[in-house]
Amino acid sequence: MSTLTPAAPRNTSAGPTALNTGTRKRGKSRMDPTRNNTAAGLAAWLLALLFVAPVLWMILTSFHSETDAATNPPSIAANLTLDAYREFFGQTSGVSPWPSLINSATASILSTVLVLVLAIPAAYALSIRPVKKWTDVMFFFLSTKMMPVVAAILPLYLFARTVGALDNIWFLILMYTSMNLPIAVWMMRSFLAEVPEEMLEAAQIDGAGLLLTLRKIIAPVAMPGIAATALICFIFSWNELLLARVLTGVVAGTAPVFLTGFVSGQGLFLAKVCAAAVVISLPVLFAGFAAQDKLVQGLSLGAVK
């Protein structure tokens, strides 16, 4: 009679060991989110410094003398002075920048207001009350931005000379309005498309007309988009140089045209140009900081569905 030999007990210690080893291997293979966040933060800071470094260098150069600003390589530890700013404000040259700054402010603000007055009803017709073949209309607006300004500057100059509009601030305002209107219509259409239709239907039931609907219903809801559009149009008008350089002169010259007057083929001018650039950039910076929250909301409007 055969006897059954009991089987040898299995070694169960290998199971937990293998399991723990696999767990440790899987744990090592995972990427540490803290390390990733740190690397992304460092990359963001380096990128920000890359963009801010030229601006900081321009500000530092504006406080140097012309001799120190023209050294190669530039001297960082040079003595600081306000001579360039005194030159810009006319204390030494006798030429005041205020007429040019006032012209820039007038042309930029009035053209921005006109752009919003024209762009909001146009965007309303293309988004909330869409017309037939509205995509063709939008492409037409976009096509007007495809032609470079330098290609149209000669006909504009001849037209302005014929009608006597050279060196006229109102003609420059008209040019800035036509320059910014296509991009404003494109932006405002995307913003107004996010207005809930229920609000418009409720306004119609209450008997509100078009102007009342635009003023009381659409404008408060789309205010971040309106602020973003206005700020961008203001920046484009304030920084524009080619039209102002060709179409204006002594009376209607703008701040960028005044800045180019410091560039000379004789003598040193780098510190004065940097000082002028710093002062002329301040209104745009102040406007951006003042409308920062509206700008972020407006540019992100419609990004998340």
- Note on the structure: Subset of region 212-252, residues under 20 Å from residue 100 (Cβ atoms), of a type in the set (S, T, N, Q) and free of Cβ contacts under 8 Å to residues at least 60 places away in the same chain, comes to 239
- Message: When you check residue 162 against the structure, is it in contact with a helix residue (DSSP H, G or I) (Cβ under 6 Å, 6 or more places away or on another chain) and either among the basic types (Lys, Arg) or free of Cβ contacts under 8 Å to residues at least 12 places away in the same chain (or both), yes or no?
- Response: no
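Residue by residue, here is whether (1) modelled with pLDDT of 90 or more; (2) among the basic types (Lys, Arg) holds:
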residue	(1), (2)
48	no, no
64	yes, no
71	no, no
86	yes, yes
103	yes, no
106	yes, no
110	yes, no
128	no, no
- List the pairs whose first member sits in region 120-142 and is more than 21 Å from residue 200 (Cβ to Cβ), whose second member is open to solvent by less than 50 Å² (accessible area, probe 1.4 Å), and whose Cβ atoms are under 6 Å apart, counting only residues at least 6 apart or on separate chains? 141/182; 141/185
- Task: Would you mind listing the helices (runs of 4 or more DSSP H) fully within region 151-254 where at least 1 residues are in contact with a Phe, Trp or Tyr (Cβ under 7 Å, 6 or more places away or on another chain)?
- Result: 169-192, 223-239, 242-247
- Note on the structure: When residue 93 is run through (1) without any contact (Cβ under 8 Å) to a residue 40 or more places away in the chain; (2) touching a Phe, Trp or Tyr at 6+ places or on another chain (Cβ under 8 Å); (3) within 18 Å of residue 253 (Cβ to Cβ), the failure sits at (2)
- Message: Quick check on my filter: what residues within region 89-134 are of a type in the set (Ser, Thr, Tyr) and outside any helix (DSSP H, G or I)?
- Response: 92, 93, 96
- Item | Scope region 239-249; condition surrounded by fewer than 22 Cβ atoms within 10 Å (Cβ to Cβ) and either within 17 Å of residue 276 (Cα to Cα) or touching an Asp or Glu at 6+ places or on another chain (Cβ under 7 Å) (or both); matching residues | 239, 241, 245, 249
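What is the residue count in region 63-88 for residues that are closer than 19 Å to residue 264 by Cβ, polar (S, T, N, Q) and assigned to a loop (DSSP other than H, G, I, E, B)? Before you say what the answer is, go through the steps one by one.
Quick first cut of region 63-88, residues closer than 19 Å to residue 264 by Cβ only: 64-72, 83-88.
Still in the running and polar (S, T, N, Q): 65, 67, 71-72.
Restricting the remaining residues to those that are assigned to a loop (DSSP other than H, G, I, E, B) gives 65, 71-72.
Number satisfying all stated conditions: 3.
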- Query: What is the residue count in region 82-109 for residues that are hydroxyl-bearing (Ser, Thr, Tyr), open to solvent by less than 30 Å² (accessible area, probe 1.4 Å) and over 25 Å from the mean Cα position of the chain (by Cα)?
  - Reply: 0
- Message: Could you go through region 279-289 and let me know if any residue there is of a type in the set (Gly, Ala, Ser), surrounded by fewer than 18 Cβ atoms within 10 Å (Cβ to Cβ), at pLDDT below 90 and assigned to a loop (DSSP other than H, G, I, E, B).
- Response: no
- Message: Quick test for you: out of 137, 115, pick the one residue that is over 18 Å from residue 278 (Cβ atoms) and either at pLDDT 90 or above or of a type in the set (Ser, Thr, Tyr) (or both).
- Response: 115
- Can you name the residue in region 255-278 that is more than 15 Å from residue 97 (Cβ to Cβ) and part of a helix (DSSP H, G or I) and is also least open to solvent (accessible area, probe 1.4 Å) among such residues? 271
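The values are calculated or read from the model by the stated rules, or taken from the named source; none is laboratory data. No experiment lies behind these values; they were computed from the predicted model shown. Don't worry about glycine lacking a Cβ; one is built from the backbone with ideal geometry, like all the others, and counts go over all protein chains shown. These area figures cover heavy atoms from the full protein model, side chains too; ligands, DNA and RNA do not enter into them. Shrake-Rupley method; radii C 1.70, N 1.55, O 1.52, S 1.80 Å.
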